[in-house]
Amino acid sequence: MKTIEQLNKIRVEKRIELDLRKNTNADTREKHILVCNGTGCTSSKSPQILDNFRKIIEEKGIKNVKVIKTGCFGLCAKGPIVIIRPEDTFYAMVKPEDCEEIIQSHIIDGKIVERLLCKDVDGKIVNKLDDLTFYKKQKRIALKNCGVINPEDIDEYIAFDGYRALARVLVEMTPDEVIQTIDKSGLRGRGGAGFPTGKKWRSTKDAVGEKKFVVCNADEGDPGAFMDRSILEGDPHAVLEAMEIAGYSIGAEKGFIYVRAEYPIAVNRLQIAINQAREYGILGKNIFGTGFNFDIEIRLGAGAFVCGEETALLESIEGRRGQPRVKPPYPAQSGLWGYPTLINNVETYANIAQIILKGPEWYSSIGTQNSKGTKVFALGGNVNNVGLVEVPMGTTLREIVYDIGGGIPNGREFKAAQTGGPSGGCIPKEHLDTPIDYESLKAIGSMMGSGGLIVMDDTKCMVCLAKFYLQFTVSESCGKCTPCRIGTKRMLEILEKLCSGEGNEYDIYRLEKLAVNIQKSSICGLGQSAPNPVISTLKYFREEFRQHAIEKECKAME
């Protein structure tokens with residue numbers, strides 16, 4: 001078992017070695033070649049790039065060069081990405097056959113491979129990562145280690161202050177002080193509802209129960225969403241550390257991470273992290289000699305969207321079909337096997353250690369009055385810079401789409417953005433300057449959701465968009481309650497009629513009435529929010545629905 005003093009020694013020694021990861025003026029002859037091995041780049045042969053670099057370096061007998069596997073850098077549109085530190089050279093769309101040239105030219109001859117440099121949205125060739133427009137307005141807290149450390153090396157996590165927050169909590173703070181710190185920070189749940197995190201922790205701590213549990217909801221099911229997956233792939237120890245802090249705070253000794261089986265890289269790296277933490281004595285019995293016991297297990301989900309709803313997730317962990325429970329009681333009072341259970345999602349946990357180390361005032365100084373900190377978005381659709389972004393709350397949609405996302409491809413016009421996936425709503429161009437925070441999005445009929453952000457250009461049909469999300473909802477409905485099981489199916493039938501030119505104006509009235517009734521009568525939050533894409537598109541694009549109903553055509557797709 002590692003003591004706090006031993007971890008501090010690893011931190012100091014390893015941080016000296018890794019200074020070049022963040023310090024472009026690092027005083028070292030060593031170079032690190034960072035290769036993204038997130039899911040996106042992996043699908044484009046980045047593991048082969050990693051192997052090729054290592055093989056060439058070994059064959060040429062090159063010293064002082066290390067090849068590092070990392071998580072996602074964020075700019076997925078330019079993957080596979082290779083960054084060479086400390087000079088911070090950013091190579092984009094690298095192929096396995098490019099490795100020889102990079103080693104010979106950049107590493108041996110000291111000449112940058114110009115043809116592999118990243119081209120910014122204005123056409124300018126960019127040499128360094130920090131010079132890219134994509135990164136300039138971002139602030140990384142939850143993603144701070146993604147693309148920086150090897151997620152499969154616990155020592156690298158420790159080098160960048162990993163497990164310092166846990167040590168501080170166990171040695172210097174009471175459970176009440178920890179909860180007070182989280183509450184004072186203003187952190188709200190990043191899973192979609194935005195419930196105050198400190199309040200949830202307090203409620204679970206105060207609940208009466210012989211035992212308690214901590215659960216991480218990593219069942220990320222929204223179409224186009226990959227925020228939680230990227231954190232688990234790039235910085236799994238951050239989630240483990242936060243769950244331990246939560247366990248200490250509420251009086252739990254056991255945690256479960258519920259992650260979908262479709263995330264094999266995330267699952268593998270999580271298990272590696274758990275094994276490493278157990279080996280170091282950071283998970284298990286008598287952690288840091290303080291008498292605190294805590295362990296974590298992974299539970300795999302089979303891909304049911306409804307298991308993103310917290311009570312359906314609990315049913316699945318217990319071995320039953322994933323269906324939501326009637327609330328109250330809430331999980332904080334009666335969760336896993338009837339015991340008080342704390343549930344937060346991956347991104348929420350990824351903020352915890354930083355709040356403990358830097359203080360609640362630091363965190364609450366970021367964002368808006370009622371929405372503190374940052375938010376991670378999976379930016380996709382008709383936007384140049386598809387990828388993973390983290391911005392302060394209150395950043396406008398325009399800034400995300402144009403300043404970070406690089407605008408709309410092929411000179412097309414922005415038409416709308418869908419936030420919150422099947423549970424969210426459409427934001428039209430007249431609301432491009434809306435700040436992205438919980439209250440502002442709710443005021444215009446949308447929602448934060450877990451963080452999917454799909455951009456659409458002026459060729460997209462909003463009636464077809466509403467149909468797409470209803471198709472998803474119908475196929476993913478657990479079937480427990482009639483409004484969701486049958487009501488969404490009736491809505492989909494109406495949308496199919498309209499899209500095929502067989503609908504009429506009365507169908508629009510029926511669609512709207514059904515949507516309101518389903519919102520009011522479904523059992524769980526997923527059913528209640530299922531009509532949101534239809535309601536918001538009707539609100540802002542009713543004329544398109546009328547074109548389908550009266551003129552039997554879609555002018556948006558002409």
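The values are calculated or read from the model by the stated rules, or taken from the named source; none is laboratory data. Remember, predicted model here, so these are calculated numbers, not experimental data. Cβ placement follows ideal geometry from the backbone for every residue including glycine, while neighbour counts extend to all protein chains displayed. Calculation scope for accessible area: heavy atoms of the full protein, side chains included, ligands and nucleic acids excluded. Shrake-Rupley method; radii C 1.70, N 1.55, O 1.52, S 1.80 Å.
Some notes on this structure:
- Computed over the alpha carbons of the stretch 428-482, Rg followed by Dmax gives 14.0, 39 Å.
- In terms of accessible area, using a 1.4 Å probe and ignoring ligands and nucleic acids, F468, F377 rank largest first as F468, F377.
- With helices as the sole contributors, the chain gives -11000 deg cm²/dmol at 222 nm; each DSSP H run of n ≥ 4 counts as -39500 (n - 2.57), and the sum is divided by every residue.
- Efficiency of FRET from Cβ geometry, Q271 and R485, R₀ 35 Å, rounded to 0.05: 0.45
- Above-threshold pairs, the threshold being 23 Å between Cα atoms, out of K199/K254; K460/K552; K55/K124; K137/K460; K14/K78; K480/K513: K55/K124; K137/K460; K14/K78
- Packing here is the average count of other Cβ atoms within 10 Å per residue, and on that basis the peptides 42-53, 343-354, highest first, run 343-354, 42-53.
- Under 14 Å, Cβ to Cβ, from R269 - net charge with Lys/Arg +1 and Asp/Glu -1: -4
- Rounded to the nearest 0.05, the FRET efficiency derived from the C-beta distance between D27 and E279 at R0 = 30 Å is 0.35.
- Span from the the stretch 208-268 Cα centroid across to the the stretch 469-499 one, whole angstrom: 30 Å
- Protection proxy ranking for 474-485, 196-207, using the average of other Cβ atoms within 10 Å per residue and placing the highest first: 196-207, 474-485.
- Under-5 Å amide H pairs with D437, H placed in peptide plane, nonlocal only: G394
- Sequentially through the stretch 26-33, phi angles give Karplus couplings (6.51, -1.76, 1.60; θ = phi - 60°) of 4, 8, 8, 8, 6, 10, 10, 9 Hz, Gly and Pro residues having no value and appearing as x.
- Extension reserve of the I298-K128 stretch, reckoned as 0.36 nm per residue once the Cα distance is removed: 57.4 nm
- Radius 12 Å from Cβ of M243, net charge of other residues (Lys, Arg +1; Asp, Glu -1): -4
- Only Lys, Arg (+1) and Asp, Glu (-1) charged, at Cβ; the chain dipole about Cα centre in debye: 800 debye
- Here volume of the Cα convex hull per residue in Å³ was calculated from the structure, and among (i) 142; (ii) 170; (iii) 194 it sits at label (i).
- With the simple spin-label model, which puts each label point 7 Å out from Cα in the Cβ direction, the Q471 to N8 separation comes to 6.0 nm.
- Environment charge of N8, counting only residues whose C-beta is closer than 14 Å and scoring Lys/Arg +1, Asp/Glu -1: +3
- For E543 and S365, a Förster radius of 45 Å and the Cβ-Cβ distance give a FRET efficiency of 0.55, rounded to the nearest 0.05.
- The chain - share of DSSP beta bridges that are antiparallel (%, nearest 5): 55 percent
- At q = 0.10, 0.18 Å⁻¹, base-10 log of I(q)/I(0) for the stretch 144-258 (Debye sum, equal scatterers on each alpha carbon): -0.32, -1.06
- Out-of-range pairs (alpha-carbon distance over 24 Å; input K205/K285; K200/K467; K119/K372; K415/K555; K489/K520): K200/K467; K119/K372
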